Amino acid sequence: MKLKNKVIESLANSKLSIHNRMFLLTSTIAIIFWFAASVATIFVAGMKLGLPMLAGSLLILGLVYCGYYYKRMDHVALIISAFISVVCLPVGYFMAEIYGMIPIMLGYVVVSLYITVVLPRGRRRAMLSILALSLAGCMIYDYNNTRILDPGPSPRAYIYTFITTAFICALVSMIVGLQIRLFLEEAANSDRQREEIERLNQSQNNFFSSMSHEIRTPINTIIGLNEMILREDVSDEVAEDAANIQSASKLLLNLINDILDMSKFESGQMTLNEDNYHPGDMLSEIVGMLWLRAKEKGLEFHVRVAPDVPAELFGDEVRIKQVLINVINNAIKYTKEGSVTLTIECGERNGNMLHVVYSVADTGMGIKKEDIPYLFTAFKRVDENSNKHIEGTGLGLAIVKQFVELMEGTVTVNSVYTKGSTFIIDIPQRVVNEDKIGDIDVEARHRITNRLQYHQKFEAPEARVLVVDDNASNILVVNKLLRDTKVKIDTASSGAEALAKTVNREYHVILMDHLMPEMDGIECHRQILTQPGGRCRESKIVALTANAGADMQALYAKEGFDGYLVKPVSGEMLERELLRLLPRDLVITTGDEEEIVEETMQWMHTAQRKRNVLITTESVADLPKEICDKYGIVVVPHMVRTEEGIFRDGQEIETKGLLSYMEDPDKKVQTVPPSVTEMEAFFADALTKANNVIHISISSKATGSGCPIAIEAANSFDNVTVVDSGHLSSGQGIMAIEAAKMAEQGKNPKEIVKYVKSIKNDIHTSFIVDNLDFMARAEQISKKVARTTRAFTVHPMVILRGGDMGVGNLFFGARQKAWQRYIAYALKHDDRIVHDILFVTYVGLTKRDTDYIREEIEKRAKFEKIYFQKASPAIAVNCGAGTFGLLYKTEG
């Protein structure tokens with residue numbers, strides 16, 4: 001099985017040339033038939049003839065293995081071709097008196113075909129010439145000595161046979177060679193086109209990223225200095241103008257984010273950046289940006305917040321805000337008169353997961369029924385004739401849909417043409433603080449005044465901060481925004497200047513730009529931390545950059561930055577970051593008692609926020625959500641590739657729908673692990689929540705395993721350890737649970753890893769499958785074996801041993817009878833089973849089926865908790881409906 005899998009993997013390896021892959025295929029087939037013919041010859045013609053044939057097959061098998069192992073297949077193909085042409089065929093020629101000349105002619109034709117497919121053009125021509133000389137030499141010798149073909153003196157029979165054989169060999173070689181040449185040319189064209197598309201995509205991404213960076217820099221100056229105007233005692237007219245500038249600048253920033261995000265969605269690079277946030281603060285900022293826009297059009301803008309909405313949630317605040325801004329902005333844009341209303345309510349709750357429902361209703365022109373299917377299509381605007389006077393890119397709602405789906409939410413539209421529309425957005429989020437938001441009026445502050453009610457959070461006259469940026473405007477903005485905190489600020493316009501300052505003076509916090517000439521911020525960060533005699537090797541360094549996005553945040557986390565602020569930056573953002581990083585004894589809080597308590601709690605939360613060890617695993621571990629929430633296990637989804645696209649396992653595709661899809665035997669489905677880049681981003685995000693990450697991965701020997709990729713990604717981090725569980729499905733999940741329990745007990749990473757590796761053999765992972773058709777489609781077993789087991793109503797038990805999947809037992813007969821025998825077999829060593837948890841992981845079973853299985857289990861063993869867990873789509877792909885497994889831990 002292992003050899004077969006290696007051969008199949010090599011044949012599918014696009015890094016090998018077509019000739020090398022054909023060499024492996026044809027040589028493997030030829031050796032199998034040669035070996036069988038040798039054995040048959042021993043029984044038919046005796047050892048004298050059969051043993052040399054057997055020795056020849058073993059010799060060629062050894063040569064093929066050496067060529068594969070030492071990566072010298074080109075040389076070995078040449079040697080084997082020469083051996084067959086010069087030795088094997090001449091020997092066969094002079095055995096013709098037994099079998100006749102037709103097999104010899106056929107042999108020469110087959111060998112010419114073999115030479116054509118395994119050798120490149122230059123070597124092919126030379127070897128075909130040797131083959132022709134071999135045949136000619138045999139015939140000349142035969143004519144002068146043995147006269148196999150014709151005992152008479154006439155050479156015509158030899159000449160005719162030679163010409164006919166040579167002609168057929170040449171014809172076969174030319175046709176097959178031409179096909180190979182056309183295939184290689186087509187493959188080269190495809191590669192060139194793919195590379196060109198990748199270059200264009202990369203150029204597009206680079207352009208959008210560069211555009212975002214370049215626009216954010218001047219916007220940072222506009223918003224920063226405008227904030228200073230709003231802080232001052234200026235006239236009402238100036239304050240209103242400044243508020244309009246602030247609102248327009250933030251809307252422009254939102255548009256830039258939309259363009260950049262659409263590029264990331266198209267390239268599959270978009271990720272979420274989730275953290276704790278306060279819904280009240282988020283809503284206040286949204287109203288601050290959009291109520292002036294509504295006021296300019298003479299519209300009423302209402303915000304209704306249900307008092308039972310939690311005061312603190314866990315989610316991607318930036319993306320939720322972006323979604324709401326796009327929908328509200330769209331509503332304002334398409335409403336001529338009346339009102340726009342934003343409503344926030346609590347939906348369904350399951351444990352600490354709450355569905356927050358946002359609805360945006362307007363009294364605008366509405367949407368035609370036939371246009372609703374195109375509403376979320378990028379760059380397409382519905383009812384173009386009626387809306388041609390309305391500005392817009394056609395990106396807003398497309399971004400909304402993709403972000404909502406990325407957050408596992410839904411967006412629906414209710415609309416009556418000419419009457420108005422209501423967009424309903426349902427996003428599941430985790431409740432962090434059970435306190436309720438209460439009765440708030442986020443509109444009040446904006447109705448009363450345009451002025452910014454500013455009061456610095458703290459003062460720190462003894463604190464020193466270094467701002468490193470090659471743009472003088474950015475330095476000016478930071479200086480002004482932090483003026484009232486009385487922090488001592490030094491500046492540097494380059495990395496070299498920053499190093500000159502850090503060698504002589506200690507700075508408590510350094511705000512570092514990334515893209516600077518000569519020495520960028522990342523290199524400067526590295527040199528500051530390793531600077532001989534430097535006084536800032538322990539300083540906190542924050543990336544203050546116009547490079548936006550979760551991928552950039554992951555990069556800075558990977559490089560060891562202590563924080564990340566994206567331009568344009570506000571005074572509140574700067575103060576919050578300094579408050580988090582400055583030594584507490586240097587900071588004097590300046591708010592009232594309630595504010596002081598809040599800031600003190602912020603320090604406490606900062607210190608407690610990061611765990612020591614975070615356990616992560618994959619969606620194929622088949623763990624219930626309640627267990628993941630209970631033990632804080634973070635899951636990265638595998639992918640399921642169908643002919644319709646690639647979907648996140650368990651998020652964008654569910655098992656029932658996948659099984660229905662796979663009822664068509666022609667449909668191709670494949671499980672795909674996350675890429676190295678995706679795993680690096682996943683680990684970087686996990687490291688923002690914990691000091692160490694232990695990733696429990698699916699068995700590295702499983703088909704489509706993500707373990708090697710996870711190991712490669714973990715090599716980029718010092719504090720990420722990947723453990724090959726040697727299991728899959730809930731067997732892998734049990735190991736993750738055991739690791740999480742030890743993390744809760746305060747064990748260090750080395751102790752956890754050592755323990756988890758020690759219990760690999762104590763986990764029982766087995767399944768009984770209805771039939772092997774799905775495994776055959778996944779190419780884990782042959783279709784012939786699958787047909788045989790189905791014909792004899794065999795229900796195989798698949799079991800994992802040492803990370804390898806194999807058939808552990810066979811159960812014959814009706815379905816329930818086979819299930820009964822499997823359960824009895826799996827639980828026969830009841831005295832060794834740990835009875836705290838049993839996972840019954842299943843695919844496509846009914847409630848009646850699971851009740852029957854529970855009854856049979858309880859007849860034989862008592863468990864504290866039995867989890868009936870639906871297998872993830874990635875697992876279901878390989879086993880099909882009617883499958884279930886008993887997975888548990890045994891005593892070591």
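Distant-in-sequence amide contacts of K436, defined by a placed amide H-H separation under 5 Å and a gap of 5 or more residues or a different chain, comprise A311. Summarising the amide proton neighbourhood of D316: residues at separation of 5 or more, or on other chains, whose placed amide H is nearer than 5 Å comprise D275.
Between segment 170-207 and segment 542-586, what is the separation of their alpha carbon centroids in Å? Spelled out, the Cα-based centre of one part sits 46 Å from the other. Note that segment 555-568 has calculated 3J(HN,Hα) couplings of 4, 5, 5, 5, 7, x, 5, 8, x, 8, 10, 9, 6, x Hz, one per residue in order, obtained from phi through the Karplus relation 6.51 cos²θ - 1.76 cosθ + 1.60 (θ = phi - 60°); glycine and proline are x. Rounded, prolate or oblate: which fits segment 451-501, taking a ≥ b ≥ c as square roots of the Cα gyration tensor eigenvalues, rounded meaning a/c under 1.5, else prolate when a/b beats b/c? Cα axes put segment 451-501 in the oblate bin. Amide H contacts under 5 Å for T841: Q869, G885, L887, restricted to partners 5 or more places along the chain or on a different chain, H placed in the peptide plane at 1.01 Å from N.
Look at the Cα gyration tensor of segment 795-892: its axes a ≥ b ≥ c give a/c under 1.5, and that counts as rounded.
Can you list which of the GluC sites (Glu not before Pro) found in segment 499-544 are DSSP loop residues with at most 10 other C-beta atoms within 10 Å? Each step should come with its number before you reach the end.
Values: sites: E506, E518, E523, E538; in loops: E506, E518, E538.
Taking segment 499-544 and a limit of 10 other Cβ atoms within 10 Å, the loop GluC sites (Glu not before Pro) found are E518, E538.
Read-outs: derived from the displayed coordinates by stated rules, not from any lab. Since we're looking at a predicted model, the values are computed, not measured. Neighbour counts run over all protein chains shown; Cβ positions are idealised from the backbone, glycine included.
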